[in-house]
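Asker: Please see the structure below; I have some questions.
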There are 2 protein chains.
Amino acid sequence: MAGRALILFAHGARAESWKAPFERLRGMTQARMPDVPVSLAFLELMEPRLPAQVAALAAEGVSGITVVPVFLGQGGHVLRDLPLMIDALRVAHPGVAITVVGAVGEDPDVLKAMTDFCVAAARP
Amino acid sequence: MAGRALILFAHGARAESWKAPFERLRGMTQARMPDVPVSLAFLELMEPRLPAQVAALAAEGVSGITVVPVFLGQGGHVLRDLPLMIDALRVAHPGVAITVVGAVGEDPDVLKAMTDFCVAAARP
């Protein structure tokens, strides 16, 4: 496999049901771009963890990976843990260009859709 | 204050910066409906906690509160902790009709906006 891959990076949780919307997001994203492999990876509590998933994609020969933090806010995980993991992954996989974009929840269009949902919730 | 109020219920985090997108969501929602008080409440690590915020609104005389879980997925917090808290709050405040809607991240339009963001991220 050459070319780029996309990793949706989420927190992870004990309840297996927590994963469902992320699986759905992965499936919807994959359907929109069948040529780019889209996978999930987690910070904790769920598999695969980010380092293992990056290693797997590197072993398959991808030249670039874009990591999308599927977080609502820029907490310690996105601001501190993720950059440290990415630094280590770049050292471990010098042949793979790793890019990290902003948190999904800070995107204006996502915020707009969340606002619409909140407004609708208040008008029963 | 009579009428309904809206509470955006989020997880909370140690990093104060984590709160920013939730404040933004609160502000955007409030701007769209100036007649409905919109506030934040947290499960842990940040103030106000949900019970304190419900008590404050009840003391102000609201007749109904809609709680919007601003979570990406239905994990243990939304599936287990929140219903238990809501049950206790309904007992504590029998004069207030408390409604809980689904998690923001499970809304189809929010999922669509998140998908758009992921697809755009993969096409640098």
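The values are calculated or read from the model by the stated rules, or taken from the named source; none is laboratory data. The structure presented is a predicted model; accordingly, all values stated were derived computationally and were not measured. When we count neighbours, we look across all protein chains shown, and the Cβ atoms used for this are built from the backbone with ideal geometry, even at glycine. For the accessible areas, the whole protein counts, side chains as well, though only heavy atoms, and no ligand, DNA or RNA atoms are used. Shrake-Rupley method; radii C 1.70, N 1.55, O 1.52, S 1.80 Å.
Asker: When you scan the range A:57-70, do you find a residue that is out of contact with any strand residue (DSSP E or B) (no Cβ under 9 Å at 6 or more places or on another chain) and within 23 Å of B:Gly102 (Cβ to Cβ), even just one? I'd like the intermediate steps shown before the answer.
Answerer: Filtering the range A:57-70 down to residues out of contact with any strand residue (DSSP E or B) (no Cβ under 9 Å at 6 or more places or on another chain) leaves A:59, A:61.
Those still in the list that are within 23 Å of B:Gly102 (Cβ to Cβ) too: none.
So far as the range A:57-70 goes, no, none of its residues is out of contact with any strand residue (DSSP E or B) (no Cβ under 9 Å at 6 or more places or on another chain) and within 23 Å of B:Gly102 (Cβ to Cβ).
Asker: Kindly establish whether A:Phe9 is open to solvent by less than 20 Å² (accessible area, probe 1.4 Å), under 22 Å from B:Val101 (Cβ atoms), aromatic (Phe, Trp, Tyr) and touching a residue at least 40 places away in the same chain (Cβ under 8 Å).
Answerer: Numbers: open to solvent by less than 20 Å² (accessible area, probe 1.4 Å): yes; under 22 Å from B:Val101 (Cβ atoms): no; aromatic (Phe, Trp, Tyr): yes; touching a residue at least 40 places away in the same chain (Cβ under 8 Å): yes.
Considered against the rule, which asks whether it is open to solvent by less than 20 Å² (accessible area, probe 1.4 Å), under 22 Å from B:Val101 (Cβ atoms), aromatic (Phe, Trp, Tyr) and touching a residue at least 40 places away in the same chain (Cβ under 8 Å), A:Phe9 comes out as no.
Asker: State yes or no: is A:Pro37 open to solvent by 10 Å² or more (accessible area, probe 1.4 Å) and farther than 27 Å from B:Met28 by Cβ?
Answerer: Values: open to solvent by 10 Å² or more (accessible area, probe 1.4 Å): yes; farther than 27 Å from B:Met28 by Cβ: yes.
Considered against the rule, which asks whether it is open to solvent by 10 Å² or more (accessible area, probe 1.4 Å) and farther than 27 Å from B:Met28 by Cβ, A:Pro37 comes out as yes.
Asker: Does any residue in the range A:62-83 that is more than 7 Å from chain B (Cβ to nearest Cβ) and among the acidic types (Asp, Glu) come within less than 8 Å, Cβ to Cβ, of a residue that is open to solvent by 10 Å² or more (accessible area, probe 1.4 Å) and assigned to a loop (DSSP other than H, G, I, E, B) six or more places away or on a different chain, and which pairs are these?
Answerer: Correct list of pairs: A:Asp81/A:Leu43.
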